[in-house]
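Comments concern the structure below.
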Amino acid sequence: MTTRILIALFVVTSLWACGSDTVTTSEPPALERGLHEVGNLSKPRYWHASTLLNDGKVLIAGGYAELIPVFEGPPPPNTDIPRPMRHISAEIFDPETGVSTPTGDLTASRSEDHGILLSDGRVLIMPRHGHLPIEMYDSQSGRFAAVAMVPSNASIFTSTLLHDGKVFLTSVGHTGVFDPTTGTFPSIFAMDHPRIGHTATLLKDGRVLIVGGRIARRDGGSVGRNLIYNPSSEAFSEAGNLQFDRQFHEAVLLRDDRVLIIGGSNVAIRTSVQTAEIYDPESNMFSPAGVSTIDPMAALLLPSGIVMFINSHNGDIVLYNPDTHAFSPTGHSIGWRSSPTVTLLADGRVMIAGGSKDTGSGHTFKEEISDQILIFTP
């Protein structure tokens, strides 16, 4: 087991309010640079959705309430695999006070969802699992409402908000467009080369770049074809070739409209891809953009134009300069952690919430679901 790095954090004292799930703190979160624990979720959770609201607060919804069972090898035949319990609850975290307050419940317990802030301030909750409804959260009333079901119970891999307010979706074998104003799917298309483990990134001109993944079958190899979706024509075109085929990677839109592709694994030999690359929409080509051993669990663009990564192997926070292709360790780490949410706040700080983490000591690994809320100030 890889040695876990223990990081001393400045902890803001938090108290559970008697008879309530509301979490309070003795003082507002620290604003100095670095990584700080600033509060707690009302319930430990991971694989939840986290969405920045227009008022600067963060909606946190759903997620697993129990750890997903892990088997060494395939389970015995006819074994009933227990399904971990999922949260139906949601909460609102205020970064200015460090207080997380329960809000209305979802219409169904759920996990692994996509939360999308719409232009009118409502939040669309797109299900990862197609048997669950699409929900809408109204921040004025604090309530969720089911607004539609995904056709054919398809599993949704990516959800991208388009410039016209509609949402472009990809599943294993299809892509489609969902209209939140009508609760309907005006367009559904067959996916060219059905795939999983890909990314979809909105470009500044309104088109969507679909990159990587593997063919959606057990022995499937690399898709080998990247696509551009044009909403105005509802047509797809090819988007050049990756320098290195990859799946389950990260894609980040840079300030100059190029797209950084990093991490993931090689489809053929299942090893981490250590070369970053950048897609240029003007040339329709990918080019090398630095080398790093980072395999990020999360990547996002900071207001400065620098990209922040959290390394999936040890939780180290690393910054990347797209101009120089240089990776710079920050000296901060969240430790080993699985499936937290990482949200860019309105003031440029980064909120890291929940996830399952290693609470063991030394060489002893002990996984527990966390209620921690951390804030990183670049």
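The values are calculated or read from the model by the stated rules, or taken from the named source; none is laboratory data. Since the structure is predicted, the reported quantities are computational estimates derived from the model, not experimental observations. Glycine also receives a Cβ, built like all others from the backbone with ideal geometry; neighbour counts cover every protein chain displayed. Note: areas computed on protein heavy atoms with side chains; ligands, DNA, RNA excluded. Shrake-Rupley method; radii C 1.70, N 1.55, O 1.52, S 1.80 Å.
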Next item on the list: Taking the Cα centre of the chain as origin, work out the dipole magnitude from +1 charges on Lys and Arg Cβ and -1 charges on Asp and Glu Cβ, in debye rounded to 20.
Entry: 680
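At 10 °C and 1.306 mPa s, what whole-number value in µm²/s does Stokes-Einstein give for the translational diffusion of region 221-291, with Rh from the Kirkwood sum over Cα pairs?
After rounding, the answer is 124 µm²/s.
Roughly speaking, to the nearest percent, how much of the chain's 1.4 Å accessible area is carbon and sulfur?
52
Counting only C-alpha contacts under 8 Å and six or more residues apart, can you give the relative contact order of the chain as a whole percent?
Working: 1002 pairs, mean separation 51.9, N = 378.
It rounds to 14 percent for the chain.
Using DSSP to call loops (not H, G, I, E or B), can you name the trypsin sites (Lys or Arg not before Pro) in region 284-378 whose Cβ has at most 10 other Cβ atoms within 10 angstrom? Could the numbers behind the result be given before it?
On the way: sites: R337, R349, K357, K366; in loops: R349, K366.
Counting only loop positions with at most 10 other Cβ atoms within 10 Å, the trypsin sites (Lys or Arg not before Pro) in region 284-378 are K366.
Provide the net charge surrounding R258, with neighbours chosen by a C-beta distance below 12 Å and charges set as Lys +1, Arg +1, Asp -1, Glu -1. All intermediate terms of the calculation are to be shown ahead of the outcome.
Working: positive: K204, R255; negative: D256, D257, E277, D280, E282, D323.
Summing Lys and Arg as +1 and Asp and Glu as -1 gives -4.
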Note to self: So with the 1.4 Å probe, I'd like the accessible area per residue for region 221-378, rounded to whole Å².
What the structure shows: 41
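Relative contact order for region 211-327 using alpha-carbon pairs under 8 Å, separation at least 6, rounded to a whole percent? Don't skip to the end; give the middle numbers.
Working: 256 pairs, mean separation 19.6, N = 117.
The value is 17 percent.
May I ask you to derive the relative contact order of region 58-185, considering only C-alpha pairs under 8 Å and at least 6 residues apart, and to give it as an integer percent?
Reported as a whole number, the value is 15 percent.
Expressed in nm to one decimal, what extension gain is obtained for the pair S283 and F365 from 0.36 nm per residue of sequence separation less their Cα-Cα distance? Before the final figure, lay out the partial values.
Values: separation 82, 0.36 × 82 = 29.52 nm, distance 4.74 nm.
Gain on extension, S283 to F365, equals 24.8 nm.
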Checklist line | Per residue, in Å², the accessible surface of region 41-189 once ligands and nucleic acids are set aside, probe 1.4 Å | finding: 45
